[in-house]
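Take a look at the structure set out below.
Every number here is computed from the coordinates shown, using simple stated rules; none is lab data. Please read all numbers here as calculations on a predicted model, not as lab measurements. Glycine also receives a Cβ, built like all others from the backbone with ideal geometry; neighbour counts cover every protein chain displayed.
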Ligand code: AMP
Ligand code: GLY
């Protein structure tokens, strides 16, 4: 069968790599893709905002499944428009993608379904927001309601900082995404990510991960899309995972279905492991990036079979086997990231993969026949091991074999677990 994969980052390279391992795949197309994805798929130029053009491509190329990597096309309703043409899609409808597209929507759903999450207030005016601040204590958690490319959350240490941030949000700092703001109770604990596939009825747990969002070592400095990740997340014990499935994922899936918005695709729950148990911080309607890279490195099952079954409402037929080992990925970014990254820096991957590591391309391009940096996050150097310490050593050994003078990476991905493993 033929598959069309949409997206151009490290997440999509990992998906392409795994899809390409399936015996049932005939041809893999990717739009727009990147040079790494181009090793697994035929790259095609398609405007994903032109839903009719995507549908036309699918008909012309006998596409049996469309896999949507990023959230924006899902929130824009691409899956609905393809399904209306009879094309199976891995990814939720526009209504279901509100779980990522509107933080207020998700908070209200948690309220209706009794899902543990931080207390909150939704507001559409600066005056309302300022009044609501009095119901919370510092630090204040302020979130632009809509999609803001991971930048819509402000944790303000003081009332004055919160006032300033709210003024910016309602002043248009996040565009349309900030027309509504959610103010939340501050939760404390360790964060972990839990993934589950669902076709609206059946639910398939799909692994856990932890990422490092800050650009600097020791988890300091500005937020990024993620500087590295590992899977599984040992802090999410089997018991806590079962609790999160029972108290968070299952009521979400059942409530969405009962309310006429069945969720189909991957649900990525950002959890805070509090002293009262796991609480939902946020949902994403897609795989994490770079969390997907570590999940795919451990997945032993046939991804094509699972994604197609999910898209066709047959997920109950599937199970998902993950290798009983740790995968860890180190993001190599271009200097300047998460501000303005230096573009065009030469990359020589040399024998980075010689020791069994895998280098996923996140932001690369080919210029004059040479591989160059073409984005903030550029490479995701991924390796496996018996524990985080081993996987970390293998990933950094591969990093050290790469020649990328205008790039940088954190040297401490996985540090919390490495410290715990040292005392075990
Ligand atoms: P989000 O985009 O919703 O994942 O938020 C970005 C980051 O802000 C999360 O990964 C947390 O570190 C932090 N955060 C979000 N909501 C809360 C909360 N209610 N309490 C504490 N930290 C939070
Ligand atoms: N790595 C965080 C995310 O994909 O949202």
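Summary table below
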quantity	calculated
Average silhouette area of segment 212-261, convex hull of alpha-carbon atoms, in square nanometres	5.2
Taking the convex hull of Cα positions in segment 143-292, its mean projected area over all directions (nm²)	9.7
Expected 222 nm ellipticity per residue - DSSP helices of 4 or more, -39500 (n - 2.57), all of the chain, to 500	-8000 deg cm²/dmol
Centre separation in Å (Cα based) which lies between segment 44-71 and segment 347-377	26
Percent of Cα pairs exceeding the 17 Å cut-off, where the set is segment 245-356	72
Three semi-axes of the equivalent ellipsoid, segment 357-424, Cα gyration tensor, whole Å, largest first	28, 11, 9
Equivalent ellipsoid dimensions for segment 1-96 as semi-axes, Å, which come from the Cα gyration tensor, largest first	19, 14, 12
Fewest-first ranking of 143, 367, 18, using other Cβ atoms within 10 Å as the exposure measure	367, 18, 143
Footprinting exposure proxy for 301, 8 (fewest neighbouring C-beta atoms within 10 Å first)	301, 8
Value of Rg to Rh for segment 286-424 (Rh from inverse mean 1/r over Cα pairs, i.e. Kirkwood)	1.03
Intensity falloff of the chain expressed as log10 I(q)/I(0), Debye formula with alpha-carbon point scatterers, at q = 0.10 Å⁻¹	-0.68
